[in-house]
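Encoded as structure tokens, the structure appears first; notes follow it.
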Amino acid sequence: MKFTLQSLAAAVQSMPQCRSLVVAFSGGLDSSVLLHGLNQLRQQADFQWSLRALHINHGMQSNADNWERHCQRSCQELNIDLAVTDVRKDFGDSLPSADVENAARKVRYQAFEENLQAGEALLLAHQLDDQVETLLLRLMRGAGIKGLAGIPVTRALGQGFLYRPLLDFDRQQLAEYASTHALQWLQDESNEDEQFDRNFVRRTLLPSIALRWPGYRDSWSKTVTLAAESQGLLAELAAIDLNNMATEQHSVIRLEPLLGLSNPRQRNLLRHWLSKIGVPDLGWNRLQQLSKEVLRADVGSDASLLGEGLQLRCYKQKLYALKTIPEIDPADKLHWDTSQAQAIVLPRNGSLHMHPTTGSGIALLNGGRLQIHYRRGGESCQLAGRPNKSLKKLLQEHEIEPWLRKRMPLLYIEDVLACIPGVGVAERFAAKDDEPSLRISWRSPDFGVDQS
């Protein structure tokens with residue numbers, strides 16, 4: 001397909017509905033062509049969107065401010081509003097060169113999301129050569145179907161979405177358009193540095209491939225399209241499977257139906273579920289570990305897979321995705337005068353609340369003054385009407401989740417364990433019929449990973 005204003009118009013007309021277009025404008029060839037082409041279309045009667053541009057100044061190069069000034073001049077000539085976001089403060093000086101590209105991308109997309117308003121589409125100027133470069137790089141990393149599907153045409157972003165209208169056009173076609181319209185653009189000198197993988201692919205590998213297989217772009221594009229279709233079907237299957245094992249909490253799924261699936265289907269479901277609740281991709285090795293080891297641990301065990309800020313734990317035939325919350329100090333002690341405060345906040349551990357009642361809970365002895373301790377080992381308690389048992393056994397019997405057991409606040413009266421919230425009251429301190437009393441509840445920290 002040749003790049004023309006008509007083909008650009010067709011690409012833009014096919015995107016999801018929005019009220020405004022925002023062009024990510026770097027000042028390079030691709031974004032210059034996109035901005036100029038849209039400005040040309042803006043002068044036509046059927047152009048239905050407002051148009052503005054956004055420039056991200058990474059400050060990673062000595063001439064970064066020159067790029068910013070070039071973008072400002074270009075937008076002034078086109079009478080297009082330009083917003084500039086300076087993100088150089090978000091970069092440290094100690095980043096290894098191999099991490100620079102990923103760090104820049106992360107900061108750039110965060111800035112895009114923060115600048116995008118409701119009902120706006122962010123238009124990015126990725127083109128066909130970017131797509132084939134990405135495909136080759138992902139092949140080198142051993143990507144699956146999702147990776148081979150390449151750069152997506154569109155996806156949600158912040159309050160709006162991003163869209164890439166140039167993915168069907170190669171760099172040469174864009175250069176011809178720029179030459180025809182006498183566009184001025186800047187060359188990024190870092191694109192000459194082949195220590196970056198993408199530059200090596202672009203400058204060395206792909207030209208060699210083109211000498212032997214001149215039509216490789218078309219065949220590779222077909223691979224990307226087929227992979228995207230396959231990924232779509234896998235997503236549909238995963239959605240069906242997830243519906244069969246969902247619980248009231250999006251961050252918790254049932255294990256029994258999950259274990260009934262084949263291993264590949266399990267992994268497909270797990271990727272879909274974790275992505276849906278906002279968990280970054282675990283990668284092949286850790287996903288294999290989750291599927292082969294954690295899910296197949298003994299029933300009732302507390303098997304887990306830990307990651308950065310994340311825990312995946314199996315318990316009582318359920319799989320939980322949990323945030324990692326700072327540990328508490330078991331030596332912490334607090335005093336709670338329930339006659340003065342109906343609730344108390346526990347450092348890093350939620351809060352306790354009292355509910356006045358009659359004939360149940362803790363009898364109102366010693367004016368309602370309670371001590372709050374945590375487990376240190378060896379505790380026991382005789383609940384009302386029951387034999388004395390170790391605290392460990394009581395928590396197990398009441399199916400308190402293992403990640404909550406060390407955090408369970410224990411209520412003492414005069415240095416004697418009187419109440420285990422959610423479990424029971426010691427017989428010695430249990431209220432008698434018609435006796436004023438307090439029922440104590442604990443609101444634990446929110447461990448759930450749930451961003452759906």
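The values are calculated or read from the model by the stated rules, or taken from the named source; none is laboratory data. These figures come from a predicted structure and were not determined experimentally. FYI the Cβ positions are ideal-geometry reconstructions off the backbone, even for glycines, and counts take in every protein chain you see.
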Complete set of residues in region 409-428 that are buried (at least 20 other Cβ atoms within 10 Å of the Cβ) and in contact with a Gly (Cβ under 9 Å, 6 or more places away or on another chain): PRO409, CYS419, VAL425
Close pairs from region 25-36: first assigned by TED's automatic domain parsing to the domain that holds ALA121, partner assigned to a loop (DSSP other than H, G, I, E, B) and among the charged types (D, E, K, R), Cβ under 7 Å, at least 6 apart: GLY28/ASP188
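Right, GLN317: on the phi > 0 side of the Ramachandran plot and either surrounded by 14 or more Cβ atoms within 10 Å (Cβ to Cβ) or touching a helix residue (DSSP H, G or I) at 6+ places or on another chain (Cβ under 8 Å) (or both) or not? If you could, list the steps in order and put the result at the bottom.
Working: on the phi > 0 side of the Ramachandran plot: yes; either surrounded by 14 or more Cβ atoms within 10 Å (Cβ to Cβ) or touching a helix residue (DSSP H, G or I) at 6+ places or on another chain (Cβ under 8 Å) (or both): yes.
Judged against the criteria, GLN317 is a match.
Every residue, every condition in (1) within 28 Å of LYS393 (Cβ to Cβ); (2) touching a Lys or Arg at 6+ places or on another chain (Cβ under 9 Å); (3) not in a strand (DSSP E or B), yes or no:
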| position | (1), (2), (3) |
| --- | --- |
| GLN340 | no, no, yes |
| ARG348 | yes, yes, yes |
| MET354 | yes, yes, no |
| SER360 | yes, yes, yes |
| GLY367 | no, no, yes |
| ILE372 | yes, yes, no |
| ARG375 | yes, yes, yes |
| CYS381 | yes, yes, no |
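With the structure loaded, tell me whether SER351 is touching a Ser or Thr at 6+ places or on another chain (Cβ under 7 Å), hydroxyl-bearing (Ser, Thr, Tyr) and under 16 Å from LYS406 (Cα atoms) or whether it fails that test. Can you show your working first?
Details: touching a Ser or Thr at 6+ places or on another chain (Cβ under 7 Å): no; hydroxyl-bearing (Ser, Thr, Tyr): yes; under 16 Å from LYS406 (Cα atoms): yes.
No: the conditions fail for SER351.
Could you tell me how many of the residues in region 382-423 are of a type outside the set (D, E, K, R) and closer than 20 Å to HIS335 by Cα?
Looking only at region 382-423, we keep the residues that are of a type outside the set (D, E, K, R), and these are 382-385, 387-388, 390-391, 394-396, 398, 400, 402-404, 408-413, 416-423.
Then drop every residue that is not closer than 20 Å to HIS335 by Cα, which leaves 408-413, 416-422.
Result for region 382-423: 13.
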Test result for THR85, assigned to a strand (DSSP E or B) and polar (S, T, N, Q): yes
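Condition first: under 28 Å from the mean Cα position of the chain (by Cα), assigned to a strand (DSSP E or B) and either of a type in the set (A, V, I, L, M, F, W, C) or more than 30 Å from SER291 (Cα to Cα) (or both). Now tell me which residues in region 311-338 satisfy that.
Initial filter on region 311-338 (under 28 Å from the mean Cα position of the chain (by Cα)): 311-328.
From the residues that got through so far, the ones that are assigned to a strand (DSSP E or B) too are 311-315, 318-323.
Result: LEU312, CYS314, LEU319, ALA321, LEU322.
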All positions within region 190-212 that are modelled with pLDDT of 90 or more and surrounded by fewer than 12 Cβ atoms within 10 Å (Cβ to Cβ): THR204, PRO207, SER208, LEU211, ARG212
Any chance ASP281 is under 28 Å from the mean Cα position of the chain (by Cα), in a loop (DSSP other than H, G, I, E, B) and free of Cβ contacts under 8 Å to residues at least 40 places away in the same chain: yes
GLU113 being at pLDDT below 85 and under 20 Å from the mean Cα position of the chain (by Cα): no
Condition broken by GLU236, with the remaining ones in (1) exposed (fewer than 15 other Cβ atoms within 10 Å of the Cβ); (2) at pLDDT below 95 satisfied: (2)
Filter result for the condition that a residue is in contact with a Gly (Cβ under 7 Å, 6 or more places away or on another chain) and outside any loop (DSSP other than H, G, I, E, B), over LEU8, LEU38, LEU51: LEU8
Single match in VAL224, VAL252 (criterion: touching a residue at least 24 places away in the same chain (Cβ under 8 Å) and more than 11 Å from LEU319 (Cβ to Cβ)): VAL224
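Out of all the residues in region 166-190, which are among the polar types (S, T, N, Q) and under 31 Å from the mean Cα position of the chain (by Cα)?
Residue satisfying the conditions is SER190 alone.
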Set ARG52, ARG73, ARG19: member being in contact (Cβ under 8 Å) with a residue 24 or more places away in the chain and over 24 Å from ASP130 (Cβ atoms): ARG19
Test: residue in region 249-260 that is in a strand (DSSP E or B) and in contact with a helix residue (DSSP H, G or I) (Cβ under 9 Å, 6 or more places away or on another chain): yes
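Got a sec? Which of SER441, SER390 is in contact with a Ser or Thr (Cβ under 7 Å, 6 or more places away or on another chain) and either at pLDDT 90 or above or of a type in the set (D, E, K, R) (or both)? Before you say what the answer is, go through the steps one by one.
Details: SER441 fails: in contact with a Ser or Thr (Cβ under 7 Å, 6 or more places away or on another chain).
Every option except SER390 fails the conditions.
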Leading residue by the ranking (farthest from TYR320 (Cα to Cα)) among those in region 429-439 that are touching a Gly at 6+ places or on another chain (Cβ under 7 Å) and either in a strand (DSSP E or B) or free of Cβ contacts under 8 Å to residues at least 24 places away in the same chain (or both): SER437
Which numbered condition GLY385 fails, given (1) part of a strand (DSSP E or B); (2) surrounded by fewer than 18 Cβ atoms within 10 Å (Cβ to Cβ): (1)
